[in-house]
Structures are given as structure tokens and as C-alpha cells.
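Student: A single structure is presented below for examination.
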Amino acid sequence: IGPENQDGAHEAMDIAIDAGVIREIGPSLSPAAGDEIIECAGKIVCAGFVDLWTRVGEPGFEFREDISSSTQAGAAGGFVALCAVPDSNPINDTRAVTELIKAKATAACGTQVWPMAALTVGLAQERLSELGELADVGAVAACTADAWLSDSGLMRRGLEYARTFGLPVVVKPVDAALAAHGIAHESPLATRLGLAGVPVAAETAALARDLELAALTGARIIVSHVSSARGVELIAAAKASGVNVVATVTANHLALDESACSEYDPAAKLLPPLRSQQDCEALRQGLASGVIDCVVSDHDPKAIVDKEHEFADASPGAVGLEMVAAVVWSLVESGALTEARAVDALCRAPRRALRAGDGILREGERADLCVLDPAERWKVDPQALHSKSKSTPLAGLELVGRVTHTVVSGQKVFDREVHRD
């Protein structure tokens, strides 16, 4: 799916890569002696995917994940770049932490890691980070991680400050006072299960505030983890009124609803929680219409000690990098999503959100590519995942579509035949 067929139509083409860039795109190209051939007949080739929300584990949480294992998982999922959430230990609010993440990612020699800077020092509600300094050393966005800013004045100043340096602000809208100690979607099912609920209003009240401040400041805002039908409505209204907002949804929230919690499986404990079937359907429709721009992995690896508890005591979070493309392509296979919208949500819209290109294959562009087999059916086997963590609510689910190769800067960083599980 290249520059000639943005509507998602298929065309048999060859792609020649030389010195890290796309040298030529065309039918029946002739390879030179010694060229490596990647056979892609029957598969889809597109720009590599970009994830706007990944926890890479470093620094500070290497026992859960490290940059080496997270980039391997990313490559296996077709991702050429991962945006690292700043709630590491220490938090990424200084030049030194940003430089450390970039250096370790370079040493890993695979999928890129793009650090996001903490919007506030220590992700606290006190003062803003030195965003200009962090942008200078490679931060691609400012982010509040899970620490939604309840101080509206501070949030306004943060949006204005980030705009000064051309940085989008990534927010995960959850009003902690409304969420209280909830651990599941507030609904009759949660009541029957005896699980404290998180109302949709915990998301939408925070979201409405953030959208109003984005409108006031003119800042670019990326709303991550939209989980509700009402949230989709608010995003649609904001876009219609001209707010510069990008919305994302997680693969887990597209694939599952609150019924996944019925067996008290700690792997299904997420933040925000899995919502109702109606919310899940609204998210799929929002993605199909473009109200929701991107799909994120919400890759949040947890160690065994974090998850092997009763549902109420387990830490929220799951791995996701290796399942995102298949969840999205399963929607394509079911008719809920077009191929063009799927490719846009995975590789083009994230780049536009960061102003990091447009994700269209062109001669002369850097060769960051993904090859996907749209017909392969497979079941999620946690033990076959490349992440250190194996906790996923998608375990055992049959999906359609699987990444076979990932190329970063002309280098093949993943080949499923070599890394076959």
C-alpha cells in the first residue's frame, strides 16, 4: 500500500532498498548480484508502525522489561518506533534520562525508541519540566503518563509551554477523585462480581476539561486511551469545532469488553478498565470513521509478582506490541474497518500526530517498512511473546493478520522465519 493507492487498493510492486533508503518502487525490478530478496507475494507492505504509548522498562523497571526486549517485541509487531512513556525510575523529566533512553535504544540496534518528556517535574502537580531542553535532546512529546493533572491552571500553562517548542501534549484522561479505588467498569456486571467500579465520567470529565484547555491554548493534544462511547462523542465534537486533537484507543479495548473480567483474570485488569459491549462497539465505529485516529499498544509489562494476585490486588497493565496489528486486521477481516483506515491508524496518523512524516512509501525516503500477511490466522500464545512479561488478556484469542518482516533504516530487524515461535 504505497503512494499510488492511498485508498487501500492492492498493486503488485517491488521495492528496492539501498543504503537505508528506498531506491526504487516499481513493477518487476531487477535485483543486482548479491542483493537479499524478501519474498512478499500475497502480503501487504507499508510504512512501519509507530506506537504512541509504550513502557520500555528503562530506566528503573528492567525486571519487568528493558529496551532490548521491548524493541524486540516492537519489531515482532511491525513497529519501527516506540514512544516511551516518561514514568520510568527516575522519571524522564531531565536531559540525562532522555539521553540515556536514546543511547540504550541505539545500542539495541532495532526498533527506534522516541522518548516522551514528563510534562511536570516528577509527574507531580507542582511545576513544569524544562521542555525546551528535553526537546533539544530528542523528546518527541510532553506526557502526563497516568498522572492526570487536576490543577487546571498548571495544565493550561503546560499546554502553552509545550506549544512554544512544537511539542504535542499526550494525556490519559482519568479523574482520580471520580475513579477513586475502582478496578472495573462501573456497571451491573461489576456489582455482581463484587468489584469496585470506575464510572465513565472519570474519563469524560477529565477529557472535557482537557479539550477545553486545548481549544483555549491552541495547543496540539493527543488524548490517549479513549475507552467509552461518550468519550468518542466528545472527541468528535471537539474536532468539529476545530480543536487540534488526536485520539487513540488501545488494541485491548477494541478486542474485548468488560466480560473479560468475569473470571477474575488479573490479565484483564487494565487502566482504564475494559468497558461495556456498547462502548467497545462505539470505539470500533470511532476508529472506522476517523474520530479515533490511532491504535496504541498500551504495552505495560508486569512482572509475575505484579500479576499473580487476586484481581483486586493485581497491578493493572498488560503487554500488547505483538498483537496490535492482528487486532486491527481482524477488524478489517470482519468488515468493521477498511484496509486504508487500518494502515492509517497504525503508521500514518501517529506520524502526523508527532509531525514525523506522513508514513507514505516514496523513493528516496528512509526504508522503515512492515510486511504483513493479511490471511494468517493464529492464536495468542503468551509464552511465545518476545516481551519479558507474558500477561495479556488476549491469551488464547484467535486473530487474523500477522507481521512477517520489519525493516528499520534498511536493516531487517525482524523475520518471522528466523524468529519462528
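The values are calculated or read from the model by the stated rules, or taken from the named source; none is laboratory data. Fair warning: this is a prediction, and the values are worked out from it, not measured in the lab. FYI the Cβ positions are ideal-geometry reconstructions off the backbone, even for glycines, and counts take in every protein chain you see. When the accessible area is computed, the model is the full protein with side chains, heavy atoms only, and any ligands, DNA or RNA have been set aside. Shrake-Rupley method; radii C 1.70, N 1.55, O 1.52, S 1.80 Å.
Student: Under a point spin-label approximation (7 Å from Cα along Cα-to-Cβ), what is the R355-T338 distance to one decimal in nm?
Tutor: It works out to 2.9 nm between the two label points.
Student: Can you give me the relative contact order of region 51-117 as a percent, contacts being Cα pairs under 8 Å and 6 or more apart?
Tutor: 37
Student: Shifting gears a bit: Hey, if you put +1 on the Cβ of every Lys and Arg and -1 on every Asp and Glu Cβ in region 145-207, which of P199, P188, W148 ends up farthest toward the positive end of that dipole?
Tutor: Farthest towards the positive pole: W148.
Student: Give me the distance between the Cα centres of region 311-370 and region 159-182, rounded to whole Å.
Tutor: About 22 Å separates the Cα centre of region 311-370 from the one of region 159-182.
Student: Placing unit charges on C-beta atoms (Lys and Arg positive, Asp and Glu negative, everything else neutral), compute the dipole magnitude of region 282-421 about its Cα centre in debye, rounded to 20.
Tutor: It works out to roughly 300 debye.
Student: Would you mind checking which residues have amide H under 5 Å from Q112's amide H? H placed 1.01 Å from N; only 5 or more apart, or other chain.
Tutor: A81, L82
Student: For the chain, just run the numbers: alpha carbon Rg, then divide by 2.2 N^0.38 Å, N being how many residues it has.
Tutor: Dividing the Cα Rg of the chain by 2.2 N^0.38 Å gives 0.93.
Student: Go through M323, M13 and list them by solvent-accessible area, largest first, probe radius 1.4 Å.
Tutor: My answer, sorted largest first, is M13, M323.
Student: Further question on the same structure: Using θ = phi - 60° and the Karplus curve 6.51 cos²θ - 1.76 cosθ + 1.60, what whole-Hz ³J(HN,Hα) does each residue of region 313-329 get, with Gly and Pro shown as x?
Tutor: 9, 6, 6, x, x, 7, 7, x, 4, 7, 10, 4, 4, 5, 4, 5, 6
Student: If the only charges are +1 at each Lys and Arg Cβ and -1 at each Asp and Glu Cβ, what is the size of the charge dipole of the chain around the Cα centre, to the nearest 20 debye? Don't skip to the end; give the middle numbers.
Tutor: Values: 37 positive and 58 negative charges, 133 e Å.
Magnitude of the dipole: close to 640 debye.
Student: Same structure, new question: To the nearest 10 square angstrom, what accessible area does L354 show with a 1.4 Å probe?
Tutor: That residue has around 20 Å² of solvent-accessible surface.
Student: Follow-up question, since we're still on this one. Please list 339-350, 298-309 highest first by mean number of surrounding beta-carbon atoms within 10 Å per residue.
Tutor: 339-350, 298-309
Student: With axes computed from alpha carbons, what is the tilt in degrees of helix 95-108 against the longest principal axis of the chain, rounded to the nearest 10 within 0 to 90?
Tutor: 40
Student: For the chain, what does the relative contact order come out to in percent, with C-alpha contacts under 8 Å and a separation of six or more?
Tutor: Relative contact order comes out at 20 percent.
Student: Treating the angle as unsigned and between 0 and 90°, give the value, to the nearest 10°, between the Cα long axis of helix 67-76 and the longest Cα principal axis of the chain.
Tutor: That helix lies at roughly 60 degrees to the long axis.
Student: Pop out the carbon and sulfur fraction of the accessible area of the chain as a percent, whole number, probe 1.4 Å.
Tutor: Carbon and sulfur together cover 50 percent of it.
Student: Based solely on C-alpha atoms, express the radius of gyration and the Dmax of region 58-109 in angstrom.
Tutor: Final numbers for Rg and Dmax: 10.8, 30 Å.
Student: Any chance you could look up the accessible area of W114 with a 1.4 Å probe, heavy atoms only, rounded to 10 Å²?
Tutor: 50
Student: Could you work out, for region 192-344, what percent of all Cα-Cα pairs fall into each 5 Å distance bin, beginning at 0 Å and stopping at the bin that holds the largest distance?
Tutor: Whole-percent P(r) values from 0 Å outward: 2, 9, 18, 20, 19, 15, 10, 5, 1, 0.
Student: Hey, another quick one. Points 7 angstrom from Cα along the Cβ direction at H181 and E99: gap in nanometres?
Tutor: 4.4
Student: Under 8 Å for C-alpha pairs, at least 6 residues apart: give me the relative contact order for region 290-378, rounded to a whole percent.
Tutor: Working: 65 pairs, mean separation 23.3, N = 89.
In percent, rounded to a whole number, it is 26.
Student: Report the rotationally averaged projected area of region 22-139 based on its alpha-carbon convex hull, in square nanometres.
Tutor: Numbers: hull surface 39.1 nm².
Taking the Cα atoms of region 22-139, their convex hull projects to 9.8 nm² on average.
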